[in-house]
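Data block below; observations after.
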Amino acid sequence: MKRLLAATAALAFVAGAAQAEIKIGSVLSITGPASFLGDPEKKTLEMYVAEINAAGGVNGQQIKVFIYDDSGDANKARTFATRLVEEDKVDAVVGGSITGTALSMRDVYEEAKIPYIALAGAAAIVVPVRPYVFKMPHTEPMSCGKIFEDLKKRNLTKIAMISGTDGWGKAMREECLKMAPQVGVTVLKDEIYGATDSDMTPQLTNIKNTAGVQAVINCGFGQGPAIVTRNYRQLGITAPFYESHGVSSKSYINLAGPAAEGVRLPAAALLVAEKLPDSDPLKKVAIEYKSKFEKTTGQPVSTFGGHMRDGLFILVEAMKRAKTADKAKVRDEIEKTKGFIGTGGVVNMSPQDHLGLDLTSFRMLEIKNGDWALVN
(Lines give C-alpha, C1' and ligand atoms only; values in the text may rest on other atoms or scores of the structure.)
Protein backbone atom coordinates (compact mmCIF):
# COMPACT_ATOMS: atom_id res chain seq x y z
CA MET A 1 0.00 0.00 0.00
CA LYS A 2 2.85 2.41 0.86
CA ARG A 3 4.49 1.67 -2.50
CA LEU A 4 1.17 2.32 -4.26
CA LEU A 5 0.71 5.60 -2.42
CA ALA A 6 4.29 6.60 -3.20
CA ALA A 7 3.80 5.74 -6.86
CA THR A 8 0.53 7.66 -6.95
CA ALA A 9 2.19 10.66 -5.32
CA ALA A 10 5.02 10.49 -7.83
CA LEU A 11 2.57 10.40 -10.73
CA ALA A 12 0.68 13.32 -9.25
CA PHE A 13 3.92 15.27 -8.96
CA VAL A 14 4.84 14.53 -12.58
CA ALA A 15 1.35 15.51 -13.73
CA GLY A 16 1.56 18.72 -11.72
CA ALA A 17 4.97 19.48 -13.22
CA ALA A 18 3.60 18.94 -16.71
CA GLN A 19 0.72 21.29 -16.05
CA ALA A 20 3.14 23.93 -14.78
CA GLU A 21 4.67 24.22 -18.26
CA ILE A 22 3.56 26.76 -20.87
CA LYS A 23 3.83 25.43 -24.40
CA ILE A 24 4.53 27.89 -27.20
CA GLY A 25 4.73 26.70 -30.79
CA SER A 26 6.46 28.28 -33.77
CA VAL A 27 6.62 27.28 -37.44
CA LEU A 28 9.26 29.34 -39.25
CA SER A 29 11.07 29.43 -42.60
CA ILE A 30 14.47 28.74 -41.03
CA THR A 31 15.95 27.31 -44.23
CA GLY A 32 15.10 27.87 -47.88
CA PRO A 33 14.62 31.14 -49.79
CA ALA A 34 13.07 32.93 -46.80
CA SER A 35 15.74 31.90 -44.30
CA PHE A 36 16.76 35.55 -43.87
CA LEU A 37 13.40 35.93 -42.11
CA GLY A 38 13.10 32.62 -40.28
CA ASP A 39 16.65 32.33 -38.97
CA PRO A 40 16.67 35.58 -36.93
CA GLU A 41 13.12 34.83 -35.78
CA LYS A 42 14.17 31.44 -34.41
CA LYS A 43 17.27 32.86 -32.72
CA THR A 44 15.25 35.66 -31.17
CA LEU A 45 12.65 33.24 -29.81
CA GLU A 46 15.27 30.96 -28.26
CA MET A 47 17.22 33.91 -26.84
CA TYR A 48 14.27 35.44 -25.03
CA VAL A 49 12.68 32.19 -23.86
CA ALA A 50 15.98 31.26 -22.21
CA GLU A 51 16.07 34.67 -20.54
CA ILE A 52 12.43 34.50 -19.40
CA ASN A 53 12.85 30.99 -17.99
CA ALA A 54 16.04 31.95 -16.16
CA ALA A 55 14.10 34.79 -14.51
CA GLY A 56 11.40 32.40 -13.27
CA GLY A 57 9.19 31.97 -16.32
CA VAL A 58 5.68 33.35 -16.77
CA ASN A 59 3.35 33.24 -13.76
CA GLY A 60 5.85 30.85 -12.18
CA GLN A 61 5.70 28.48 -15.15
CA GLN A 62 8.58 27.62 -17.48
CA ILE A 63 8.11 28.03 -21.22
CA LYS A 64 8.69 25.06 -23.50
CA VAL A 65 8.99 25.90 -27.19
CA PHE A 66 8.22 23.67 -30.16
CA ILE A 67 9.95 24.99 -33.29
CA TYR A 68 9.49 23.55 -36.79
CA ASP A 69 11.13 24.55 -40.07
CA ASP A 70 8.75 24.76 -43.04
CA SER A 71 11.49 25.89 -45.50
CA GLY A 72 9.00 28.36 -46.91
CA ASP A 73 6.60 25.59 -48.01
CA ALA A 74 2.93 26.33 -47.22
CA ASN A 75 1.94 22.64 -47.19
CA LYS A 76 4.70 21.80 -44.72
CA ALA A 77 3.66 24.72 -42.58
CA ARG A 78 0.07 23.50 -42.38
CA THR A 79 1.26 19.99 -41.47
CA PHE A 80 3.41 21.38 -38.66
CA ALA A 81 0.55 23.60 -37.49
CA THR A 82 -1.65 20.51 -37.16
CA ARG A 83 1.12 18.78 -35.20
CA LEU A 84 1.39 21.72 -32.80
CA VAL A 85 -2.34 21.54 -32.17
CA GLU A 86 -2.96 17.80 -32.04
CA GLU A 87 0.32 16.33 -30.75
CA ASP A 88 2.22 19.08 -28.95
CA LYS A 89 -0.98 20.64 -27.58
CA VAL A 90 0.49 24.14 -27.47
CA ASP A 91 -1.08 27.02 -25.57
CA ALA A 92 -0.21 29.64 -28.19
CA VAL A 93 1.74 30.13 -31.42
CA VAL A 94 4.09 32.87 -32.63
CA GLY A 95 5.31 32.27 -36.16
CA GLY A 96 4.66 32.11 -39.86
CA SER A 97 7.58 33.87 -41.53
CA ILE A 98 6.03 34.58 -44.93
CA THR A 99 2.57 35.31 -46.26
CA GLY A 100 1.98 31.90 -47.86
CA THR A 101 2.89 29.87 -44.79
CA ALA A 102 1.14 32.22 -42.37
CA LEU A 103 -2.10 32.02 -44.35
CA SER A 104 -1.89 28.23 -44.67
CA MET A 105 -1.76 27.89 -40.88
CA ARG A 106 -4.24 30.59 -39.93
CA ASP A 107 -7.44 28.53 -40.05
CA VAL A 108 -5.82 25.60 -38.23
CA TYR A 109 -5.21 27.74 -35.17
CA GLU A 110 -8.48 29.63 -35.49
CA GLU A 111 -10.51 26.41 -35.56
CA ALA A 112 -8.56 25.05 -32.58
CA LYS A 113 -9.06 28.37 -30.73
CA ILE A 114 -5.35 28.79 -30.09
CA PRO A 115 -3.95 32.35 -29.95
CA TYR A 116 -1.81 32.87 -33.06
CA ILE A 117 0.50 35.84 -33.64
CA ALA A 118 1.77 35.78 -37.23
CA LEU A 119 5.06 37.33 -38.36
CA ALA A 120 4.20 37.79 -42.05
CA GLY A 121 3.18 40.97 -43.82
CA ALA A 122 -0.06 40.43 -45.73
CA ALA A 123 -3.10 42.26 -44.39
CA ALA A 124 -5.24 39.26 -45.40
CA ILE A 125 -3.91 37.41 -42.36
CA VAL A 126 -6.00 39.62 -40.07
CA VAL A 127 -8.52 41.16 -42.49
CA PRO A 128 -11.27 40.33 -41.88
CA VAL A 129 -10.63 39.94 -38.18
CA ARG A 130 -10.62 36.39 -36.82
CA PRO A 131 -10.90 36.10 -33.02
CA TYR A 132 -7.71 34.10 -32.40
CA VAL A 133 -5.46 35.50 -35.16
CA PHE A 134 -3.13 38.49 -34.73
CA LYS A 135 0.01 39.70 -36.48
CA MET A 136 3.07 41.91 -35.99
CA PRO A 137 4.52 43.35 -39.24
CA HIS A 138 3.27 46.33 -41.17
CA THR A 139 1.03 45.43 -44.11
CA GLU A 140 1.33 45.90 -47.87
CA PRO A 141 -1.23 48.78 -47.90
CA MET A 142 0.92 50.51 -45.27
CA SER A 143 4.05 49.95 -47.37
CA CYS A 144 2.36 51.42 -50.44
CA GLY A 145 0.99 54.30 -48.39
CA LYS A 146 4.38 55.25 -46.94
CA ILE A 147 6.07 55.09 -50.35
CA PHE A 148 3.33 57.21 -51.97
CA GLU A 149 3.66 59.68 -49.11
CA ASP A 150 7.37 60.05 -49.87
CA LEU A 151 6.76 60.27 -53.63
CA LYS A 152 4.33 63.13 -53.16
CA LYS A 153 6.86 64.98 -50.98
CA ARG A 154 9.28 64.73 -53.91
CA ASN A 155 6.63 65.75 -56.45
CA LEU A 156 6.90 62.39 -58.21
CA THR A 157 3.48 61.29 -59.46
CA LYS A 158 4.18 59.13 -62.53
CA ILE A 159 5.64 55.75 -61.73
CA ALA A 160 6.38 52.26 -62.99
CA MET A 161 6.08 49.07 -60.96
CA ILE A 162 7.89 45.74 -61.14
CA SER A 163 6.61 42.95 -58.89
CA GLY A 164 7.45 39.38 -57.95
CA THR A 165 4.94 36.54 -58.13
CA ASP A 166 5.56 35.56 -54.50
CA GLY A 167 2.66 36.00 -52.08
CA TRP A 168 3.97 39.27 -50.70
CA GLY A 169 4.85 40.68 -54.12
CA LYS A 170 1.43 39.92 -55.58
CA ALA A 171 -0.42 41.30 -52.58
CA MET A 172 1.56 44.54 -52.47
CA ARG A 173 1.26 45.05 -56.24
CA GLU A 174 -2.53 44.78 -56.02
CA GLU A 175 -2.69 47.23 -53.12
CA CYS A 176 -0.40 49.79 -54.80
CA LEU A 177 -2.35 49.62 -58.07
CA LYS A 178 -5.59 50.13 -56.15
CA MET A 179 -4.23 52.96 -54.01
CA ALA A 180 -2.33 54.90 -56.69
CA PRO A 181 -5.28 56.72 -58.32
CA GLN A 182 -6.71 57.52 -54.89
CA VAL A 183 -3.59 59.53 -53.99
CA GLY A 184 -2.96 61.11 -57.38
CA VAL A 185 -0.25 58.72 -58.60
CA THR A 186 -0.33 57.33 -62.16
CA VAL A 187 1.18 53.90 -62.93
CA LEU A 188 2.58 54.13 -66.47
CA LYS A 189 4.08 50.63 -66.62
CA ASP A 190 3.41 47.45 -64.65
CA GLU A 191 5.89 44.56 -65.03
CA ILE A 192 6.05 41.11 -63.42
CA TYR A 193 8.90 38.66 -62.72
CA GLY A 194 8.88 35.03 -61.55
CA ALA A 195 10.15 33.73 -58.25
CA THR A 196 13.03 31.85 -59.91
CA ASP A 197 13.96 34.48 -62.51
CA SER A 198 17.65 35.35 -62.46
CA ASP A 199 17.55 38.33 -64.82
CA MET A 200 14.89 41.04 -64.91
CA THR A 201 16.57 43.11 -67.63
CA PRO A 202 13.74 42.62 -70.18
CA GLN A 203 11.08 43.96 -67.79
CA LEU A 204 13.30 46.85 -66.69
CA THR A 205 14.13 47.70 -70.31
CA ASN A 206 10.39 48.08 -70.92
CA ILE A 207 10.24 50.45 -67.96
CA LYS A 208 13.30 52.39 -69.15
CA ASN A 209 11.68 52.85 -72.55
CA THR A 210 8.41 54.14 -71.07
CA ALA A 211 8.26 57.92 -71.40
CA GLY A 212 7.48 59.99 -68.34
CA VAL A 213 8.40 57.53 -65.56
CA GLN A 214 9.60 59.54 -62.56
CA ALA A 215 10.13 56.71 -60.06
CA VAL A 216 9.97 52.91 -59.85
CA ILE A 217 8.58 50.66 -57.10
CA ASN A 218 9.60 47.02 -56.70
CA CYS A 219 7.16 44.76 -54.85
CA GLY A 220 8.73 41.51 -53.71
CA PHE A 221 10.94 39.75 -51.19
CA GLY A 222 13.79 37.25 -51.14
CA GLN A 223 16.58 37.37 -53.73
CA GLY A 224 14.36 38.80 -56.49
CA PRO A 225 14.53 42.43 -55.31
CA ALA A 226 18.34 42.30 -55.10
CA ILE A 227 18.51 41.06 -58.71
CA VAL A 228 16.10 43.78 -59.80
CA THR A 229 18.24 46.38 -58.04
CA ARG A 230 21.45 45.21 -59.74
CA ASN A 231 19.77 45.07 -63.18
CA TYR A 232 18.27 48.53 -62.57
CA ARG A 233 21.71 50.07 -62.11
CA GLN A 234 23.24 48.05 -64.96
CA LEU A 235 20.68 49.56 -67.34
CA GLY A 236 21.55 53.04 -66.12
CA ILE A 237 18.02 53.92 -65.02
CA THR A 238 18.27 57.13 -63.01
CA ALA A 239 14.71 57.48 -61.66
CA PRO A 240 14.42 57.08 -57.86
CA PHE A 241 13.96 53.42 -56.91
CA TYR A 242 11.82 52.13 -54.03
CA GLU A 243 11.59 48.73 -52.33
CA SER A 244 9.07 47.50 -49.76
CA HIS A 245 9.85 46.64 -46.14
CA GLY A 246 9.99 43.03 -47.34
CA VAL A 247 13.72 43.59 -47.93
CA SER A 248 14.50 45.32 -44.64
CA SER A 249 17.53 43.25 -43.63
CA LYS A 250 21.25 43.67 -44.23
CA SER A 251 21.16 40.60 -46.49
CA TYR A 252 19.41 42.70 -49.16
CA ILE A 253 22.19 45.29 -49.07
CA ASN A 254 24.82 42.55 -49.22
CA LEU A 255 23.12 40.81 -52.17
CA ALA A 256 22.47 44.01 -54.13
CA GLY A 257 25.93 45.43 -53.40
CA PRO A 258 26.78 48.97 -54.54
CA ALA A 259 23.61 48.98 -56.67
CA ALA A 260 21.57 49.42 -53.48
CA GLU A 261 23.00 52.90 -52.95
CA GLY A 262 20.18 55.44 -52.95
CA VAL A 263 17.34 52.91 -52.73
CA ARG A 264 14.50 54.01 -50.45
CA LEU A 265 12.11 51.84 -48.46
CA PRO A 266 9.71 52.10 -45.54
CA ALA A 267 10.87 50.08 -42.53
CA ALA A 268 10.69 49.74 -38.78
CA ALA A 269 12.71 52.10 -36.62
CA LEU A 270 14.81 49.15 -35.45
CA LEU A 271 17.14 49.41 -38.45
CA VAL A 272 18.21 52.91 -37.47
CA ALA A 273 17.93 52.51 -33.70
CA GLU A 274 20.98 54.62 -32.76
CA LYS A 275 20.03 57.33 -35.26
CA LEU A 276 16.59 57.95 -33.76
CA PRO A 277 16.11 61.13 -31.75
CA ASP A 278 16.10 60.64 -27.98
CA SER A 279 12.47 61.74 -27.94
CA ASP A 280 11.41 58.75 -30.07
CA PRO A 281 9.58 56.26 -27.78
CA LEU A 282 10.93 53.32 -29.82
CA LYS A 283 14.60 54.19 -29.41
CA LYS A 284 15.28 52.47 -26.08
CA VAL A 285 13.50 49.23 -27.02
CA ALA A 286 15.11 49.15 -30.46
CA ILE A 287 18.63 49.67 -29.12
CA GLU A 288 18.17 47.09 -26.36
CA TYR A 289 16.98 44.42 -28.81
CA LYS A 290 19.62 45.27 -31.42
CA SER A 291 22.43 45.08 -28.86
CA LYS A 292 21.19 41.83 -27.33
CA PHE A 293 20.60 40.11 -30.68
CA GLU A 294 23.92 41.12 -32.21
CA LYS A 295 25.89 40.21 -29.08
CA THR A 296 24.14 36.83 -28.77
CA THR A 297 24.23 35.79 -32.43
CA GLY A 298 27.09 37.73 -33.96
CA GLN A 299 24.72 38.70 -36.79
CA PRO A 300 23.36 42.11 -37.82
CA VAL A 301 19.86 42.82 -36.57
CA SER A 302 16.85 42.66 -38.93
CA THR A 303 13.27 43.77 -38.55
CA PHE A 304 12.15 40.15 -38.88
CA GLY A 305 13.72 39.05 -35.64
CA GLY A 306 12.21 42.17 -34.12
CA HIS A 307 8.73 40.98 -35.10
CA MET A 308 9.35 37.76 -33.14
CA ARG A 309 10.54 39.76 -30.15
CA ASP A 310 7.41 41.91 -30.22
CA GLY A 311 5.03 39.00 -30.78
CA LEU A 312 6.54 36.94 -27.97
CA PHE A 313 6.35 39.77 -25.44
CA ILE A 314 2.81 40.74 -26.39
CA LEU A 315 1.89 37.09 -25.72
CA VAL A 316 3.86 36.92 -22.47
CA GLU A 317 2.36 40.15 -21.17
CA ALA A 318 -1.13 38.91 -22.07
CA MET A 319 -0.49 35.73 -20.08
CA LYS A 320 0.73 37.77 -17.12
CA ARG A 321 -2.37 39.97 -17.17
CA ALA A 322 -4.60 36.90 -17.51
CA LYS A 323 -2.62 35.16 -14.73
CA THR A 324 -3.02 31.96 -16.75
CA ALA A 325 -2.21 30.32 -20.09
CA ASP A 326 -5.91 29.64 -20.68
CA LYS A 327 -6.33 30.15 -24.41
CA ALA A 328 -9.57 32.14 -24.36
CA LYS A 329 -8.40 34.44 -21.56
CA VAL A 330 -5.03 35.02 -23.23
CA ARG A 331 -6.76 35.79 -26.52
CA ASP A 332 -8.86 38.41 -24.77
CA GLU A 333 -5.79 40.02 -23.23
CA ILE A 334 -3.85 40.11 -26.53
CA GLU A 335 -6.79 41.97 -28.05
CA LYS A 336 -6.66 44.47 -25.17
CA THR A 337 -2.98 45.30 -25.84
CA LYS A 338 -2.54 49.06 -25.64
CA GLY A 339 0.56 51.23 -25.78
CA PHE A 340 2.94 48.28 -26.25
CA ILE A 341 6.25 49.74 -27.37
CA GLY A 342 7.90 47.29 -29.72
CA THR A 343 10.66 47.34 -32.30
CA GLY A 344 8.05 47.78 -35.03
CA GLY A 345 6.06 50.58 -33.45
CA VAL A 346 3.57 51.31 -30.70
CA VAL A 347 0.89 48.58 -30.79
CA ASN A 348 -2.74 49.32 -29.94
CA MET A 349 -4.98 46.31 -30.59
CA SER A 350 -8.77 46.31 -30.54
CA PRO A 351 -11.63 43.95 -31.46
CA GLN A 352 -11.61 45.63 -34.89
CA ASP A 353 -7.81 45.72 -35.35
CA HIS A 354 -5.57 42.69 -34.71
CA LEU A 355 -2.44 44.48 -35.95
CA GLY A 356 -2.52 47.70 -33.96
CA LEU A 357 -0.02 49.73 -36.02
CA ASP A 358 -0.43 52.83 -38.18
CA LEU A 359 1.80 54.71 -40.65
CA THR A 360 3.48 56.67 -37.85
CA SER A 361 5.28 53.45 -36.85
CA PHE A 362 7.06 53.37 -40.23
CA ARG A 363 10.26 55.26 -41.03
CA MET A 364 11.40 56.09 -44.57
CA LEU A 365 14.98 54.92 -45.02
CA GLU A 366 17.58 55.35 -47.71
CA ILE A 367 20.62 53.15 -48.24
CA LYS A 368 23.79 55.24 -47.98
CA ASN A 369 27.34 53.90 -47.96
CA GLY A 370 26.05 50.36 -47.52
CA ASP A 371 23.97 51.17 -44.45
CA TRP A 372 20.54 52.48 -43.46
CA ALA A 373 19.93 56.21 -43.13
CA LEU A 374 16.83 58.10 -42.00
CA VAL A 375 15.07 60.24 -44.59
CA ASN A 376 13.92 63.48 -43.01
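Considering the stretch 224-244 alone, what residues qualify as being in a helix (DSSP H, G or I), of a type outside the set (A, V, I, L, M) and either touching an Asp or Glu at 6+ places or on another chain (Cβ under 9 Å) or surrounded by fewer than 24 Cβ atoms within 10 Å (Cβ to Cβ) (or both)?
Initially, the stretch 224-244 is screened for residues in a helix (DSSP H, G or I), giving 224-234.
After this cut, where a residue has to be of a type outside the set (A, V, I, L, M) as well, the list is 224-225, 229-234.
224, 225, 229, 230, 231, 233, 234 - these are the residues of the stretch 224-244 that are in a helix (DSSP H, G or I), of a type outside the set (A, V, I, L, M) and either touching an Asp or Glu at 6+ places or on another chain (Cβ under 9 Å) or surrounded by fewer than 24 Cβ atoms within 10 Å (Cβ to Cβ) (or both).
One residue is enough: does the stretch 122-134 have a residue meeting the conditions in contact (Cβ under 8 Å) with a residue 60 or more places away in the chain, hydroxyl-bearing (Ser, Thr, Tyr) and either farther than 27 Å from residue 217 by Cβ or crowded, with 24+ Cβ neighbours inside 10 Å (or both)?
yes
For the stretch 255-263, check the following and say yes or no: at least one residue is more than 18 Å from the chain's Cα centre (by Cα), outside the structural domain of residue 30 (by TED's automatic domain parsing) and at positive phi. Reasoning before the result, please.
Of the stretch 255-263, the ones more than 18 Å from the chain's Cα centre (by Cα) are 255-263.
In the following step, the residues that additionally are outside the structural domain of residue 30 (by TED's automatic domain parsing) were identified as 255-263.
If we keep only those that are at positive phi too, we end up with 257, 262.
Looking for residues that are more than 18 Å from the chain's Cα centre (by Cα), outside the structural domain of residue 30 (by TED's automatic domain parsing) and at positive phi, one finds at least one in the stretch 255-263, hence yes.
Looking at residue 166, is it assigned by TED's automatic domain parsing to the domain that holds residue 145, touching a Phe, Trp or Tyr at 6+ places or on another chain (Cβ under 9 Å) and either modelled with pLDDT under 95 or more than 18 Å from residue 265 (Cβ to Cβ) (or both)?
yes
Just one of 101, 82 is surrounded by fewer than 19 Cβ atoms within 10 Å (Cβ to Cβ), in a helix (DSSP H, G or I) and either of a type in the set (Ser, Thr, Tyr) or touching a helix residue (DSSP H, G or I) at 6+ places or on another chain (Cβ under 9 Å) (or both); which is it? Spell out the reasoning first.
Details: 101 fails: surrounded by fewer than 19 Cβ atoms within 10 Å (Cβ to Cβ).
Step by step, each of 101, 82 is checked, and only 82 is surrounded by fewer than 19 Cβ atoms within 10 Å (Cβ to Cβ), in a helix (DSSP H, G or I) and either of a type in the set (Ser, Thr, Tyr) or touching a helix residue (DSSP H, G or I) at 6+ places or on another chain (Cβ under 9 Å) (or both).
Tally up the residues in the stretch 246-264 that are modelled with pLDDT of 90 or more, in contact with a strand residue (DSSP E or B) (Cβ under 8 Å, 6 or more places away or on another chain) and farther than 23 Å from residue 210 by Cα, please.
Final tally of qualifying residues: 3.
Which of the residues that make up the stretch 169-188 are out of contact with any Asp or Glu (no Cβ under 7 Å at 6 or more places or on another chain) and modelled with pLDDT under 95?
169, 170, listed by residue number.
Could you tell me which residue of the stretch 187-202 is nearest to residue 256 (Cα to Cα), considering only residues that are of a type in the set (S, T, N, Q) and assigned to a loop (DSSP other than H, G, I, E, B)? Before you say what the answer is, go through the steps one by one.
Pass one, the stretch 187-202, residues of a type in the set (S, T, N, Q): 196, 198, 201.
Next, only the ones that are assigned to a loop (DSSP other than H, G, I, E, B) stay: 196, 198.
Details: 196: 16, 198: 13 Å.
Per the criteria, the residue is 198.
The values are calculated or read from the model by the stated rules, or taken from the named source; none is laboratory data. Keep in mind the model is a prediction, meaning the values are calculated, not measured. Note that each Cβ is placed from the backbone with ideal geometry, even for glycine, and that neighbours are counted across all protein chains shown.
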